[in-house]
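Step one of this worksheet: look at the structure below.
The values are calculated or read from the model by the stated rules, or taken from the named source; none is laboratory data. Quick caveat, the model's predicted, so the values are computed rather than measured. Every residue, glycine among them, receives a Cβ derived from its backbone with ideal geometry; neighbour counts consider all protein chains shown. For accessibility, only protein heavy atoms count, side chains too; no ligands or nucleic acids. Shrake-Rupley method; radii C 1.70, N 1.55, O 1.52, S 1.80 Å.
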Amino acid sequence: MSTNIFWQESPIGKTERQKLLNQKGCVVWITGLSGSGKSTLACSLSRELYTRGKLSYILDGDNLRHGLNKDLGFKAEDRVENIRRVGEVAKLFADAGLICIASLISPYRKDRDASRDPKGLYKLARAGKIKGFTGIDDPYESPLNCEIELKEKEGECPSPVAMAEEVIAYLEDKGFLQNQ
């Protein structure tokens, strides 16, 4: 890292941006296995926030690999760098006063079984046609200290809108959606 670089302060700070937007910037990080509904939830959450007049932006893992992270593969060190870059971008969005919705596999905690496979990727990985697939022959470590965990209700997975409402209730409770 270069030692001759310095942080340039902005004349308009985070507090002023939040006041302008009538919301507090934050990061909602959605993690789970491939095909588990992360992007669907992110889109539902973004839509519900929009209907309430709140500005959000989705950082989707697949979309980011078309640009910002297109130089990264799926080796362990590339996965770590992928998450590091997204984390840095998410912090910038939050600092700008936006509600940043990061939707990524974020693999490392503990191996777990696949429960949903709408794209047929787990089937291909188990057949050996995809190598280094998260949750099959590459680890997925579930979070240890989630601020919110969305769970089945009476054996049924809630709809994306219901899950988005649960996240919004949490954000409201923590003061992120309050008018400044």
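Annotations
- Scanning the range 155-180 for residues that are touching a residue at least 60 places away in the same chain (Cβ under 8 Å) and assigned to a helix (DSSP H, G or I) gives Pro160, Val161, Met163, Ala164, Glu165, Val167, Ile168, Leu171.
- Residue list for the range 28-41, filter: modelled with pLDDT of 90 or more and closer than 16 Å to Cys146 by Cβ: Val28, Leu41
- Restricted to helices (runs of 4 or more DSSP H) entirely inside the range 1-111, those with at least 3 residues that are in contact with a Leu (Cβ under 8 Å, 6 or more places away or on another chain) are 38-51, 76-95.
- Flag for Asp62 being modelled with pLDDT of 85 or more and open to solvent by 90 Å² or more (accessible area, probe 1.4 Å): yes
- Residue count for the range 10-60 under the criterion of being within 20 Å of Gly87 (Cα to Cα) and of a type in the set (Asp, Glu): the result is 1.
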